[in-house]
Amino acid sequence: MEQVITIKEMRAVIVSFRQKGETIGFVPTMGFLHEGHCSLIREAARACDRVVVSIFVNPLQFGPGEDFVRYPRDLKGDFEKCLSAGAHLLFLPETREIIGENSGAFIRMDRIMDILCGASRPGHFQGVATMVLKLLNIVQPDYLFLGAKDFQQTVILKKMVRDFFMPVRVEVMPTVRESDGLAMSSRNSYLNPEERKSAVALYRAMKKGKEVFLKGERKASVIKPLMENEIRKESAARIDYIEMVSPETLVPLDDIQRDAVILVAVWIGKTRLIDNLKLS
Ligand code: PAF
């Protein structure tokens with residue numbers, strides 16, 4: 001597995017892949033990889049001739065007072081995981097090159113970037129989309145692989161690709177969970193043992209919501225309080241939001257008569273966790 005740092009080197013390797021007629025799958029990450037990331041890399045390796053993984057803790061997507069500085073990093077472990085999952089090329093861009101002087105040019109979308117996680121984290125999705133656009137323009141992959149855990153991110157990035165006619169196919173892979181149901185996330189490493197136990201409340205609440213839905217309840221105004229009760233059983237937990245939304249537009253639904261997804265964001269102590277579950 002090769003490692004490159006500069007955009008120039010990256011482009012040269014990509015040209016060499018293209019000259020051989022090889023297809024390219026791309027997995028953008030912020031590192032501290034877990035099984036969720038590895039499943040994306042494995043799927044990319046199955047579907048494409050070459051797999052590029054980027055590791056970059058993107059300062060543009062962290063707000064003031066958020067965890068940018070303490071975001072977990074483990075480059076050595078990441079290298080091993082990428083290698084064994086089947087990656088061919090690791091891209092480790094440097095801030096001064098990939099962000100540079102920050103010209104004030106950003107990808108911005110009305111409404112969809114400002115609701116749900118965007119309401120709690122102003123500027124977050126603008127930072128995500130801008131970085132992913134930069135990375136896609138450098139890597140120019142055939143496929144972009146994303147994890148379903150960051151549901152709003154997947155909707156926004158699919159919209160960016162569609163609205164700007166970008167020649168890449170977006171593949172969203174299922175969330176990988178711990179045995180008790182907690183969605184894998186690099187931020188789970190912030191949880192102390194007590195908080196780790198409480199964190200399963202997100203999954204429990206979503207399962208409760210789905211169970212009630214499957215029994216025939218269609219009103220979000222009935223389902224939501226039942227989910228909130230599940231979260232409130234944990235004293236360390238504080239709800240940021242619980243919503244049932246349309247999977248394409250993220251518009252909240254009250255009467256759930258078609259496809260919907262439950263989205264949750266909950267603080268466990270000082271750690272904000274998100275998760276989602278399809279209702280269908
Ligand atoms: O999901 C992430 O880890 C990040 O938001 C991404 C897509 C790598 C952009 O920085």
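The values are calculated or read from the model by the stated rules, or taken from the named source; none is laboratory data. Note that the structure is a prediction, hence the values are computed from the model and not measured. Neighbour counts run over all protein chains shown; Cβ positions are idealised from the backbone, glycine included. For the accessible areas, the whole protein counts, side chains as well, though only heavy atoms, and no ligand, DNA or RNA atoms are used. Shrake-Rupley method; radii C 1.70, N 1.55, O 1.52, S 1.80 Å.
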**Request:** Tell me, please, whether a residue that is farther than 23 Å from Phe125 by Cβ and among the hydroxyl-bearing types (Ser, Thr, Tyr) can be found in segment 69-76.
**Result:** no
**Request:** Kindly indicate whether any position in segment 137-145 is open to solvent by 20 Å² or more (accessible area, probe 1.4 Å), without any contact (Cβ under 8 Å) to a residue 60 or more places away in the chain and away from the ligand (no atom under 13 Å from the Cβ).
**Result:** yes
**Request:** Would you point out the residue of segment 47-71, among those that are open to solvent by less than 60 Å² (accessible area, probe 1.4 Å) and assigned to a loop (DSSP other than H, G, I, E, B), that is farthest from Cys82 (Cα to Cα)?
**Result:** Gly63
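Each row is one residue, and each column tells you yes or no for (1) surrounded by fewer than 18 Cβ atoms within 10 Å (Cβ to Cβ); (2) within 21 Å of the chain's Cα centre (by Cα); (3) assigned to a helix (DSSP H, G or I).
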residue: Lys158; (1), (2), (3): yes, yes, yes
residue: Gly181; (1), (2), (3): yes, yes, no
residue: Ser189; (1), (2), (3): yes, yes, yes
residue: Lys210; (1), (2), (3): yes, no, yes
residue: Phe213; (1), (2), (3): no, no, yes
residue: Met227; (1), (2), (3): no, no, yes
residue: Glu230; (1), (2), (3): no, no, yes
residue: Tyr241; (1), (2), (3): yes, yes, no
**Prompt:** Do you know which residues across segment 19-46 are farther than 29 Å from Phe106 by Cβ and either within 16 Å of the ligand (Cβ to nearest atom) or in a helix (DSSP H, G or I) (or both)?
**Reply:** Gln19, Glu35, Cys38, Ser39, Arg42, Glu43, Ala45, Arg46
**Fill in**
Residues of segment 118-136 being more than 11 Å from the ligand (Cβ to nearest atom) and either crowded, with 22+ Cβ neighbours inside 10 Å or among the hydroxyl-bearing types (Ser, Thr, Tyr) (or both), in sequence order, are Ser120
**Prompt:** Consider Gln61 against the criteria (1) within 16 Å of the ligand (Cβ to nearest atom); (2) in contact (Cβ under 8 Å) with a residue 40 or more places away in the chain; (3) in contact with a Leu (Cβ under 8 Å, 6 or more places away or on another chain); (4) within 19 Å of Asn137 (Cβ to Cβ): it satisfies all of them except one. Which criterion is unmet?
**Reply:** (3)
**Prompt:** So which of Val266, Val222, Val251, Val261 ends up being out of contact with any strand residue (DSSP E or B) (no Cβ under 7 Å at 6 or more places or on another chain), among the aliphatic types (A, V, I, L, M) and modelled with pLDDT of 95 or more?
**Reply:** Val222
